[in-house]
Amino acid sequence: MKIGVLAIQGAVREHVTALQKCGEDVVCVKKAEQFAELDGLVIPGGESTTIGKLLVRFGLVEPILRLIAQGKAVYGTCAGLILLATRVEGSEQFLLGKMDIAVARNAFGRQRESFEQELPVPVLGKEPFPAVFIRAPLIKAYGSKVQVLARCNAEVVAARQDNLLVSAFHPELTDDVRMHSYFVGMAKGN
Amino acid sequence: MGMAEQGTFCVKAGLAEMQKGGVIMDVTTPEQAKIAEEAGAVAVMALERVPADIRAAGGVARMADPEIILKIMDVVTIPVMAKARIGHFVEAKILEALGVDYIDESEVLTPADDEFHINKRQFTVPFVCGARNLGEALRRIGEGASMLRTKGEPGTGNVVEAVRHMRMMMSEIRKLLNTPDEELMSFAKQAGAPYELVCQVKRLGRLPVVNFAAGGIATPADAALMMQLGCDGIFVGSGIFKAKEPRARAKAIVDATLHHDDPSLLAEISKGLGEAMPGLEISTIRREERMQERGW
């Protein structure tokens, strides 16, 4: 499997390390011609407005939409979750708009309200998952094709819709690679 | 479900990790903050004056008026940083109370303490600090900084000091990686750095926190140069709003930071940006007036 990590800005290195730990061939991608060969793509955390603008500016929207249309697995963390959403409350920023979710940005508050917390994520097994939330978004509403994977205080923080996976938290900042290996499983057709 | 923990090292350093590969811009008004956000900045630094104006004004430079910072926080969705004087833990507490996302304990302002820095571990909000070499960097991390930047020489539009500091940092890290374990204590002693952090850098093969370039970056080529020298992202102080066409320049510096390794794209990006900020030759600034000398 060849998994790409969108290398515009943000926690690129951490995703590369986590995917390599899962035994995958990982490449950083930031040019349009690099996407076609991928079996899956991670859109990392960072600033969603910045990443969105640069996707548009450098012609990367089409290649990513093509991957999604081909059924390749795409995983968005934090900013990546926002970019995959169809709607973001109170914002007109650019979105890829492929996952049927409504998102609130900075939903917990500012940086001083950022936190880490162990959460149950049933698809990853019995052990709780160390979830790191940094100026994190929340999924406030979702369509019928969306499967909820994790909640924090009753709010949805991880979800899947067919070949799309999103989490409001950052597994790449921890040593726990279960989210990444779940994603690799999706790329392999699970 | 476990207990929620705020202000942990992971959460503080994590925000800096999310800024990697991005550009953080100094702004003094809500209008400038909007221009920075539209250009693709990953954060803004809210200030009363940019470093070039602080340098020109002389006197004592202090934390910005909270009203300015709050107005800027109101108009952008990206993180907002603000500066406190070195050692001025009350300015820092005020900035934390305002809800800024990152505090820069900065040599651009006049130090409030000529011996001690802020104990940054006492705060929930994360800190960024300037450093010219590995020892200074690890002392700041030891005090609780979760992000670093080169000091450079702020407000000069002259990149030479930022280059010197980045090269020094990378060269010392390379030296450390080749130092056998039994020599690490003496290495720590000579560098003036906490021993445990010296060991951690050797184990990781890099600094345990993000290190941006700052101090004198004025062009897209400057930003790309610093990225190629190994920094994780770029601070631009006076370089944008002291230039003739701030909008075009801000966007070009963001683009150049992303495509720092592609000379033909950089050529395209650098075209027709109007005049850059006026530059200052470092030798014309007396040593005691150099901001980089502040910090202990």
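The values are calculated or read from the model by the stated rules, or taken from the named source; none is laboratory data. The shown structure was predicted, so the numbers you read here are calculated from the model rather than taken from an experiment. When we count neighbours, we look across all protein chains shown, and the Cβ atoms used for this are built from the backbone with ideal geometry, even at glycine. The area values use the complete protein model at the heavy-atom level, side chains included, leaving out ligands, DNA and RNA. Shrake-Rupley method; radii C 1.70, N 1.55, O 1.52, S 1.80 Å.
Observations, loosely collected:
- Yes/no for B:Leu273 being within 20 Å of the chain's Cα centre (by Cα), surrounded by 15 or more Cβ atoms within 10 Å (Cβ to Cβ) and modelled with pLDDT of 95 or more: no
- Flag if B:Arg164 is closer than 30 Å to B:Gln228 by Cα, part of a helix (DSSP H, G or I) and not hydrophobic (A, V, I, L, M, F, W, C): yes
- Selection status of A:Tyr142, buried (at least 21 other Cβ atoms within 10 Å of the Cβ), among the aromatic types (Phe, Trp, Tyr), on the phi < 0 side of the Ramachandran plot and more than 14 Å from chain B (Cβ to nearest Cβ): no
- Whichever residue in segment A:103-135 is more than 9 Å from chain B (Cβ to nearest Cβ) and of a type in the set (D, E, K, R) and, among such residues, is surrounded by the fewest Cβ atoms within 10 Å (Cβ to Cβ): A:Lys126
- The sole residue among A:Leu41, A:Leu54, A:Leu67 that is open to solvent by less than 60 Å² (accessible area, probe 1.4 Å), modelled with pLDDT of 95 or more, at the interface with chain B (Cβ under 9 Å from one of its Cβ atoms) and touching a Leu at 6+ places or on another chain (Cβ under 9 Å) is A:Leu54.
- Neighbours by Cβ (under 7 Å, 6+ apart or cross-chain): first from segment B:271-288, under 22 Å from B:Ile253 (Cα atoms); second hydroxyl-bearing (Ser, Thr, Tyr) and open to solvent by less than 60 Å² (accessible area, probe 1.4 Å): B:Ala276/B:Thr219; B:Met277/B:Ser238; B:Gly279/B:Thr156; B:Leu280/B:Thr156
- Verdict on B:Ser238 being within 20 Å of B:Ala52 (Cα to Cα) and open to solvent by 30 Å² or more (accessible area, probe 1.4 Å): no
- For the criterion of being of a type outside the set (Phe, Trp, Tyr) and open to solvent by less than 10 Å² (accessible area, probe 1.4 Å), B:Gly155 fails.
- Counting only helices (runs of 4 or more DSSP H) that sit wholly inside segment B:18-88, those with at least 1 residues that are away from chain A (no Cβ under 14 Å) and at pLDDT below 95 are B:51-57.
- Scan segment A:162-189 for residues that are among the small types (Gly, Ala, Ser) and touching a Phe, Trp or Tyr at 6+ places or on another chain (Cβ under 6 Å) and the total you get is 0.
- Residue within segment B:38-57 that is surrounded by fewer than 20 Cβ atoms within 10 Å (Cβ to Cβ), more than 17 Å from the chain's Cα centre (by Cα) and more than 23 Å from B:Met277 (Cα to Cα) present: no
Every residue, every condition in (1) assigned to a strand (DSSP E or B); (2) crowded, with 22+ Cβ neighbours inside 10 Å; (3) modelled with pLDDT under 95; (4) of a type in the set (Ser, Thr, Tyr), yes or no:
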residue: A:Gly4; (1), (2), (3), (4): yes, yes, no, no
residue: A:Ala18; (1), (2), (3), (4): no, yes, no, no
residue: A:Gly23; (1), (2), (3), (4): no, no, no, no
residue: A:Gly46; (1), (2), (3), (4): no, yes, no, no
residue: A:Gly71; (1), (2), (3), (4): no, no, no, no
residue: A:Tyr75; (1), (2), (3), (4): yes, yes, no, yes
residue: A:Leu83; (1), (2), (3), (4): no, yes, no, no
residue: A:Arg87; (1), (2), (3), (4): yes, no, no, no
residue: A:Ile101; (1), (2), (3), (4): yes, yes, no, no
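- Among all positions in segment B:95-110, there is no residue which is open to solvent by 10 Å² or more (accessible area, probe 1.4 Å), in a loop (DSSP other than H, G, I, E, B) and touching a His at 6+ places or on another chain (Cβ under 6 Å).
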